[in-house]
Structures are given as structure tokens and as C-alpha cells.
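Every number here is computed from the coordinates shown, using simple stated rules; none is lab data. Here the structure is a predicted model, which is why all the values come from computation and not from measurement. Cβ placement follows ideal geometry from the backbone for every residue including glycine, while neighbour counts extend to all protein chains displayed.
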Amino acid sequence: MRIRSALLVLLAVVALLVPVPLASAATSLDLSVAVRAEPSGAPVSLDTTVYLPDGTGTHPAVLLAHGFGGSKDSVQSQASSLVDDGFVVITYSARGFGKSGGKIHLDDPDYEVADARAVISAVLASPAGSRILLDKPGDPRLGVAGGSYGGALALMLAATDPRVDTVVASITWNDLAQAFFPDHAGTAIASSPGAAPSGGVTGPLKQQWASLFFLGEAGASSRAAGSADATDPVFGDSTASAAAPQPSVSAPTSSQPQTSDPCGRFDPTICAGFLSASSSGQPSAELLAMLRAHSPAAFLSRLKVPTFLVQGMNDTLFGVDQADATARTLSAQGTPVAMRWMDGGHDGTSSTQAADDQAQVTWLRHYLLRDAATVPAFVFADPLGRRQNTATLERASGSSYVDAATWRDQPIDGSTQAIISPPGGLPVSNTLLPQAASLGASLPTYSLAALPGLSAAYDTPAFTAQTKVVGAPRLKLTVRSSGPVSTLFLSVWTVNGGTATLARSLVAPVRVTGPVGQAHTVDVSLPAATWNFPAGTSLRVLVTPTDSTFANSTVARADSVSISQFQLPQVASVALPAAGSGGVDRESLGVALAVAALLAVFGLWAWRDRRAVAPADAALADVPLVVSGLTQTFKDGHRAVDDVSWRAESGQIVGLLGPNGAGKTTTLRMMLGLIRPDAGETRILGDQVVPGASVLARVGALVEGPGFLPHLTGRANLQAYWAATGRAAAEAHYDEALSVAALGDAIDRPVRSYSQGMRQRLGIAQAMLGLPSVLILDEPTNGLDPPQIAAMRPILQEYAAGGRTVIVSSHLLAEVEQTCTHIVVMNAGRVVTTGPVAELVANSDTTVLEVTSLDGLSALKAVPGVEVSVVSDTEVVVTSSLPRASVVAAAVGAGMAVTGVSSRKHLEEVFLGMIASSSASADVSPDALRRIRDR
């Protein structure tokens, strides 16, 4: 009863810590706006809601355009916030989305853009129109804001409707053809920070992004990855998106009938063009013309109102170069423009989201409410530091975005290197994943991207001082090819101590055409973003002929490539005042306090219910782990663990092996004090392990998989976990743990967006917090791919080499053989054997014979003092106390044709022999155990 009461109090405390959203003082008006019919003649109406501030006065209006896969509900929270700032807010579901009718025409000027003009007119004619401030009859004071799909619409609407007074466009495109078929090569590049070559050859298709859009995955994938579309990038509010799930193209709302048509709610012409391009990898002329016609680039000459562009550096769909092209056009014609580079995008939310949101509100208040405050011409986010949750924001010193950059010549390896483009396009380089670009930086992906013979790497000399890069590095690329067209992909890596990590999860596709065998040189812009290169590191440009996210050539090709005239952009800037500090936020602190309170409640219960604890054993004070006679019988009578004893010394990595049901995990749980043994004990550094024992502070563990709070970032989860221990933050050794996790930028993304392997590595990092003397890992490689498993091996070996002890329970015998120094084998709840790995796989009594056939086997088995087991038709294992030369002579004398002799067996052979023999016999005498090991 006391525990129950304590839990009720705890729940009350947690409730006080959870923020409750406040209702806005606003009313709303729902409208159904009739717009242009579909080409088929089907009528279309748009589901519209207008939010009105409290009171009776007039106010400027803001039209919010939602992202792809969203609806008016996606921006409801943002609308409420703007109403509180004194705006009338117009929201609607674009045709083909939400409860609106019609097909998706992909921001067609004659459909979606014309629809937005019709919505404005309908609202002005409705009762809500009387609440909108007019500068003159028929001319409302009006701003429009949108992100991604809605961002392009916002720009095109502002260019075609004179009633619009200002525009905010986020993470959107300038030229949709260039966005989906990018080419970062040309003959000249503008001097603005994020410029890419314009025009030129059409590049490769962003195959995975096209598939996400046109196979109906865009909406669902965005939500799963926590992307900007899912949270709607205009004044993005993740809580809003969580409360109002957005329908995807493949999942129509109840007002739209389900269909087996692969085009779903897409206009058939657009769908057919993309499906054809996805199949062939090449766009038709008609598709390119349509994409360009559905782009702001075609209308910017008519855009004269102040424009605020917010673009993400974590965006493999619409990169910074798209916003740069828009800014250059507007600046050249005198349109006021400001630029902001955030570290979010379609591949992840921004770490400075609150400041980004406020900047957009400030812009709207300045131009619509005539507030004095405005935003700088160019603001950018620095890369996140290892102890940061929020990136530092910098303001460029100049007054113009397009003139902000200066260019520094940077020496780089200029050697000519050969690259093969593989036949069929396989194997393919894996540099990044769409909608999870930051995750690519977190994985040991270099070996997956830099395939031998299928890549070329060019390094700069090590930087002598920290170097900040702001913009798109540029270079000249010379290609000599065996084919008329060469498609290459360039990415930027940081090299530190011989280890290359992806600085930003972005690639620059390049297509070079020309006569076979002749050298062709093109100007190339690498992806635009911000980078920090610490002193002692170098920058690597990796060139590959394939990339897993693009449509790749299937024709074999040989290229020789070289790099010259490498330049790095730099921008003079000053840091903006921090909107918030890094570290654990209020929500994380609340979670940590709740966890700590819960631990306190159950700790009190454990203290009251504890058994007598044996005194410390001084003789074992320097022994990390001793397991003595552990026994555990379940309620059904099954004895899961039967008199298990073994020990682990400092510097050892001990593999705990056994088939399923052998009792390994139950043993680990008793070792950690999670369950009580029926008999026996565990001692760590001489202290007996019981629930709540103080010595457990020197143990780190990952048992039966990691558990995290999915809405918190990886970093916040680690900090909350450590805060719950009550120990000083300085003792956590976060840097060492984060290096083990190797999550890169993803450490500051919500854990719900992590893959299984990423959660597993974060779990291992959590177990290593505080650098415990004993580290216990249950199936640590679960969910990891082979390169990640290989990367974990030296980490564990280095950890143990520092005098600590690592216990690993695993089914991957080959990995145990390469990683562990010792093993403990269990079967049916008992220890079969223990010992050094080297001795078990290289026994002096064992001879492994490779033979051409099994002829003479019977004669060999008849030799006194010899035991023979058959591994295969060409391999036998002989166990004998005879010298190895005598064993070989006996085999030859028996008529066997011996082609090879060795003494070392794989651990898998040893393990299977142990399990088979222990299952068949209860004999555990020394001689029997020797025979088991030999098998």
C-alpha cells in the first residue's frame, strides 16, 4: 500500500512537470471554397479555416500553406501562435490533400497557385473579411508563409497576386527540375555563398526521393523521421504534428475513396512522367518543362515584395543551393531579401527551431504590423558541438547575402586516380539515406561509400588552426572517360587520425559529357552548408561513380579523375545571443527527476526488503567479477541456472556462450542484482551483489536491449539517465561514450527516428557512461551491420586494455573469437567449460587433417590412443596424446591422402563439440572436459 501511495505521489509530480498547452483566445470560421475544376470536369472545393483574434478590430492577415502530405491541420498550432501575435490566419488544405477535393498538380500555376488566390478572395468576401486590415479598398495587408511544397506556392503566389505584401518560404525549391535531377557541374559559378552552377546538363534522378513521393511513402516517411514536412517547417511545431497526423498520398482521408491506381491522388500526367523517369533514370523533355513551369524560378521576375528564405543544411531533397538561386535573382532585381540557414530540413528538425520560428514571426511583424525589429540579411547555424543541443547562430557582418562570402584557396591532393563504374551499377556506394541524412554521419559509412576501385579520395593538408567553412566549396574536376557521359558523386569528409567521417550528409552529383578518351574540365560546387574543421584534421573530397540514393548508370565505365583549384568559402560573422543553452532541457530534467523519484521509491522498497549482505571479501578486492554457485529455479520447477561458477580478471573480455535457453541472460540478471539467486552469489571487486548494492555503480550494463524515451534526443536520453544516478556530470565521460555511439549529428535527433542499430549503439554508450570497471553487454551486436560490428571490436578491446573487464553474451561465434580473450560456455544451465580462447582453438592434443577423401578412416580409428571425428568429407579432427608427427604418420599409414595439417580450429567447431558432448553426457571429469574441448 505504501508503494502504491508513493507511486501516486510520483505521478502527481510528473504531471506537474509536463507542460500543458494553453488555448489561444481566438475564434475560427470554416469555409468550403470552390476552385477550378479538374481537367476531367470534376468539381473541386477546398477545406478552409480562418482564425480570428479575440475582439472586433481589424488585423493584418497571414495565409499559411502546408507541406507535401499535410493539410490545414498540420499548421493549426502555428496558426494559433500567429493569432496570439495579432494576425488573422488563413489555413486550407491544398487540392489533393486532407478533406479537399481534386488531384495533386504539384504547385501548378493554373491549379494550386490559382487556388490560393481564390482562397484569399473567398475569405475577403466572407464574414471573416471584415476583420482583415485593408490598406485600401480590395487591398488587404497580407503575408504568405509556407514550407517545402507550401514554400514554393508562397513564392509563386507572392509573384502573381499583388495583394501579397511579404512572403516567408522555407526549405523549398527554386527549380524543381534541377532539384530532382541535380547537376553541380558547369562552366561558371556565382560568387554567393551557396551557389551551384545553373543550367547545363540534366543530372541523375534522386531516385529514392522520387520513390518516396510517387510510391505514396512521402507522408509516412516524413512523420517517421521527424522531418520538416511532418512538423510543418513554417514555425515548425512538433507537438502540432504529433497531435494531428497528416494523411499521405497513399492513405487518403475518409472523404477520398481508396483506389488501386498507383498514381493515387496525383494528376495522371505528372505521375506518368515521374514513373517513366524512375524506370529509365532519365526525364522526358515534357517532364522537365513541366517541372520548370511549376517552379518559383519561372515567376521570380514578378516577385517584388520583401522575401525571407529559410533553408535547411540537413536536406537531401532541396539543398541550400535552391534558396541561393532564389536570393540571387531577387537581389539582382532589387527585391528585399534575407536568408537563414538552419541545421534542419527534410532530413531532420532544426536544433534552433524556436529561434527560427521567432525570426519568421519577427519578419511578418515588421512588414505587416510595422514593428521596428527585423532580421539580419544572412544568419546561419554552426555545426553542433559535441556538448551542444542547440547550434550557435551567426549573423554575417555584411548587409547582403549574395556578397557575404570570400574565397580561400586551399591546397589539396591533385593526383590523377582511376575509378571504375561497375556494370549494372552494383555494388553501389552508400553515402547517405534520404530523410535520415544526419544518421549517415553517425555510422561508420566510409568503408561503405569508398568502395575499393570504385572511388577516389583527395585530402587537404591538416589544418593548422580551426577552420570554419560557410557555403559551397568549389573546385575544378578533370575527367577522362571511356564513355561519352560520366556521372560522379562528390562528398565532403572530415579526416581525424586516419578516420573519415561524413561532415554533412550531402552529396553533389556531377555529370560530364564529351568525346571518349578526352579530358574535360568542369567547375564543381560541393554541397552548401557550414563546417568546422578543428586543427589537426583535414578535409577529404570523396568521388564515387554511384550513390545509393540516385538512379545510377548500369553501363560499365572507366574514368580517370583529378581535382584542382580547390576553394573554401568563408563568411565574416558574429555570434547571435543564444536563445537557449545546451544541455538537458526542462522536459529532459523533468523526466530525469521522475526517473530519480521512481528509483528512490523502489530503492526504499529494496532497502526495507533486503537480505543480509555478506561483508566485503578483501581477498577479492582486486578481482572484477567472481560468480560462485549461482542457482535459479523458476516457479514451474525448471532449473534455469545450476551451480554456475566462474571469474573474470582485469583486462579480460569474457564471452558468455551457449545455445538459446542455456541460462546466459538469467545469469547476467543475477549478476546485476536484477533478480535474486536461489543459491550462490556474485562479487564485484570483493563486494556482494544485491539489489541496490553500492558496488553496482561501478558496473555498466546493456541486457535484453536498450530502452529510451523516444521523444528525447539521444544526447538528452544519456543526460537524463546519468542525472538519475545522482552523480556529477563531470564523472559521466560523455565524450568517450559519444565516440562509442558514433552517432554524429544524429545524437541530437529524437530517438524515435533511430534505426535498431543506432539504438543499440546508443545503449552501449549508455552502459559505458562513467567508464565502469565492469561492462556487461547482452548481445551487443544485435541490429548492427558487419562494418559496425567490426568497428565495435577495437572499442571493446581498447576499453579492456585500460584495466577494465568486459563481459559479452553473444551468438556470433566468429566475432567472439576475434574479440574475446576468454570464454565461458553454458548449456542447460550449467558451465561446460571456461578458458582462454587461444587455448580452446589451438589445443596441443588436437590435429586437424585435410584429406582428399575418407578412405582409410576405419584403419585410423583402430590406431591405439587415437580418437577421430569427421568434420566433412575432406576434414577430420584427431584427438590424441601422441606427437602430431605420429598422428600424421598414422593417418598416412592407414591409407589417408593428407593434404594439410593444422592445430587450430574455429571457435564454432569447438563450441558445437562442447554443446553436443555436454548434452550427451553428464560426465564433467577433467578428462571428459578435455575431450569436449578437443571436439
- Going residue by residue through segment 104-114, the Karplus relation 6.51 cos²θ - 1.76 cosθ + 1.60 with θ = phi - 60° gives ³J(HN,Hα) values, rounded to whole Hz and with x marking Gly or Pro, of 7, 9, 6, 6, 5, x, 7, 10, 4, 5, 5
- The computed P(r) of segment 466-546 puts the percent of Cα pairs beyond 18 Å at 46 percent
- The FRET efficiency for T499 and S130, from their Cβ-Cβ distance with R0 = 51 Å and rounded to 0.05, is 0.20
- Sort segment 586-836 into rounded, prolate or oblate with this rule: let a ≥ b ≥ c be the square roots of the eigenvalues of the Cα gyration tensor; rounded if a/c is under 1.5, and if a/c is not under 1.5, prolate when a/b is larger than b/c, oblate otherwise. oblate
- Item | For N827, distant residues with modelled amide H under 5 Å away | V832
- Message: Net charge within 10 Å of S93 by Cβ-Cβ distance, Lys/Arg positive one each and Asp/Glu negative one each, not counting S93 itself?
- Response: +1
- Message: For segment 770-845 and segment 501-579, what is the centre-to-centre distance using only Cα atoms, to the nearest Å?
- Response: 40 Å
- Query: If you take the beta carbon distance between A289 and D30 as r and set R0 to 41 Å, what does 1/(1 + (r/R0)^6) give as a FRET efficiency, to the nearest 0.05?
  - Reply: 0.60
- Message: Under a crude label model (7 Å from the Cα following the beta-carbon direction), how far is V892 from D643 in nanometres?
- Response: 4.7 nm
- For peptides 814-823, 81-90, 852-861, 401-410, sequence by mean Cβ density within 10 Å, most packed first: 81-90, 814-823, 401-410, 852-861
- Order by protection proxy (mean Cβ within 10 Å, highest first), peptides 59-71, 277-289: 59-71, 277-289
- Task: List L709, L775, L762 from most exposed to least, where exposure is judged by having the fewest other Cβ atoms within 10 Å.
- Result: L709, L775, L762
- Ranking of I675, I132, I684 by count of other Cβ atoms within 10 Å, fewest first: I675, I132, I684
- Message: Neighbour counts of other C-beta atoms within 10 Å: give me Y111, Y734 arranged from fewest to most.
- Response: Y734, Y111
- Message: Quick check: from the Cα gyration tensor, does segment 256-320 come out rounded (a/c under 1.5), prolate or oblate?
- Response: prolate
- Task: Determine the alpha carbon to alpha carbon distance for each of K635/K664; K103/K136; K103/K206 and list only those over 29 Å.
- Result: K103/K136
- Task: Convert each backbone phi in segment 262-274 into a coupling constant with the Karplus relation 6.51 cos²θ - 1.76 cosθ + 1.60 (shift: θ = phi - 60°), then list the ³J(HN,Hα) values in order as whole Hz, x for Gly and Pro.
- Result: x, 7, x, 9, 6, 4, x, 5, 5, 4, 4, x, 6
- Task: For a quick protection proxy, order the peptides 617-628, 778-789, 294-305 by their average other-Cβ count within 10 Å, most packed first.
- Result: 294-305, 778-789, 617-628
